[in-house]
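Next up is a structure, given as structure tokens.
Every number in this text was worked out from the coordinates using simple rules, so none of it is lab data. Predicted, not measured: the structure shown is a model, and the values here were computed from it. With ideal geometry, Cβ positions are generated from the backbone for all residues, glycine too; neighbour counts draw on all protein chains shown.
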């Protein structure tokens with residue numbers, strides 16, 4: 001028996017966050033979706049299935065893991081959009097072939113024999129329910145993440161669930177400065193090499209706080225749980241980090257942040273409000289950038305998803321910002337704004353609620369961001385964090401540029 005984590009067609013509703021990664025590498029809580037799945041089955045070897053365009057980059061980032069190949073003859077397939085939990089695991093039997101379905105979507109399947117051969121022929125594309133059509137069906141209760149705001153909605157609960165899994169409450173391994181206030185210390189973890197500067201308040205009364213190894217929380221910052229700060233990230237002086245916020249590895253975050261996910265290697269260093277938002281990697285938010293997450297008439301927020309406006313059904317939806325995108329100083333973002341990858345947004349007034357990938361501009365108009373300049377900037381940005389644009393990553397950048405060309409031309413004209 002092996003474990004296979006796969007993408008289904010739902011990845012398209014999670015663009016632009018899934019242009020440069022498979023859906024299961026997105027974060028919800030302290031950990032990524034992939035980490036939640038693999039920790040449930042530590043005894044099983046792992047295979048990762050993804051869209052063909054992501055294959056080379058995924059191999060690079062997962063050395064020693066089978067990518068888009070299915071060695072062996074018996075598998076537990078798990079949908080990469082599922083929030084895997086002990087409760088879901090208890091509903092799945094590894095003894096017999098079956099597919100496990102929630103709300104019409106295959107969330108898991110035990111597969112061997114002829115059914116496995118059929119899936120082998122589908123490697124390189126997102127799987128569909130038809131790939132599991134001949135298996136006996138079982139109905140289960142499971143949470144699937146369909147849109148970016150679903151990640152934000154469940155983030156507080158997932159921080160708490162991941163914290164319970166880590167069983168690290170009350171463990172203080174880093175340095176805690178004089179005058180730091182730890183509210184509900186038993187619900188706080190401070191990793192080795194982390195530094196909490198004097199004047200900081202960590203309030204875990206309503207939920208756990210996770211401070212990763214090597215992280216820094218600077219003077220007079222306040223963090224209210226549930227919240228997590230990833231390895232080697234920095235919380236700037238006087239920052240206000242409210243409940244439901246997950247900050248990944250190697251980020252710099254200041255100002256006011258509430259119920260948001262910052263994936264990793266992204267910066268929001270300065271004053272300004274970020275709420276109910278999801279930021280990808282290598283995003284930079286300019287000083288005094290603010291996003292609205294609540295409409296003045298308190299109606300539900302509509303969001304641009306894969307070519308059309310979708311009613312989120314939620315009163316609170318902030319910005320979704322793809323990898324390598326940036327905002328200039330004093331940028332204002334309306335409720336439910338979606339910014340693609342490699343975009344630069346700046347200027348006065350509110351820019352459009354949808355800004356396509358590789359676009360440059362704001363309320364006064366948008367033009368195409370030159371591909372070569374975008375890649376050159378990415379090289380500089382990543383080099384500053386000892387990362388590189390490998391040939392396979394550059395190939396992916398160029399592929400996404402072409403994939404998004406039609407959408408960009410539709411919005412920009414020409």
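Among DSSP beta bridges lying fully in the stretch 2-145, give the percent that are antiparallel, nearest 5.
45 percent
Quick one: Kirkwood hydrodynamic radius for the stretch 92-205, alpha-carbon pairs, angstrom, one decimal?
18.2 Å
Sort 141-152, 358-369 by packing, meaning the average of other beta carbons within 10 Å per residue, with the highest value first.
Top to bottom by mean Cβ count within 10 Å: 141-152, 358-369.
State the percent of C-alpha pairs, over all pairs in the stretch 2-145, separated by a distance greater than 28 angstrom. Before the final figure, lay out each step's value.
On the way: 874 of 10296 pairs.
Tail fraction, whole percent: 8.
Would you order 57, 78 from fewest to most other beta-carbon atoms within 10 Å of each residue's own beta-carbon?
57, 78
Quick one: Debye curve from the alpha-carbon atoms of the stretch 169-229 only, equal weights, vacuum; give me log10 I(q)/I(0) at q = 0.13, 0.26, 0.28 Å⁻¹ to two decimals.
With no solvent term, the Cα-only Debye profile gives -0.24, -1.07, -1.25.
Okay, next question. Please report the spacing between the Cα centers of the stretch 262-305 and the stretch 327-380 in Å, no decimals.
Value for the Cα centre distance between the two parts: 13 Å.
I've got another one for you. Describe numerically, in nm with one decimal, the distance between label points set 7 Å from Cα along Cα→Cβ at residue 91 and at residue 65.
2.5 nm
Follow-up. How high is the relative contact order of the stretch 293-345? Use alpha-carbon pairs under 8 Å, at least six apart in sequence, and give a whole percent. Please report the intermediate quantities before stating the final value.
Values: 98 pairs, mean separation 19.0, N = 53.
Once normalised by length, the contact order is 36 percent.
State the extension gain, in nm to one decimal, for the chain segment bounded by residue 128 and residue 390, taking 0.36 nm per residue of separation less the distance between their alpha-carbons.
On the way: separation 262, 0.36 × 262 = 94.32 nm, distance 3.11 nm.
Fully extending the segment from residue 128 to residue 390 adds 91.2 nm.
How would you rank 220-226, 40-46, highest first, on the average number of other Cβ atoms within 10 Å across their residues?
The peptides rank, most packed first, as 220-226, 40-46.
Per Stokes-Einstein, at 37 °C and 0.692 mPa s, what whole-number D in µm² s⁻¹ belongs to the chain, with the Kirkwood radius over Cα pairs as the hydrodynamic radius?
After rounding, the answer is 150 µm²/s.
Would you please classify the overall shape of the stretch 303-344 from the alpha carbon gyration tensor, given that a ≥ b ≥ c denote the square roots of the eigenvalues, rounded means a/c under 1.5, and beyond that prolate means a/b larger than b/c while oblate covers the rest?
Numbers: a/c = 2.80, a/b = 1.49, b/c = 1.88.
Oblate, since a/c reaches 1.5 and b/c is not below a/b.
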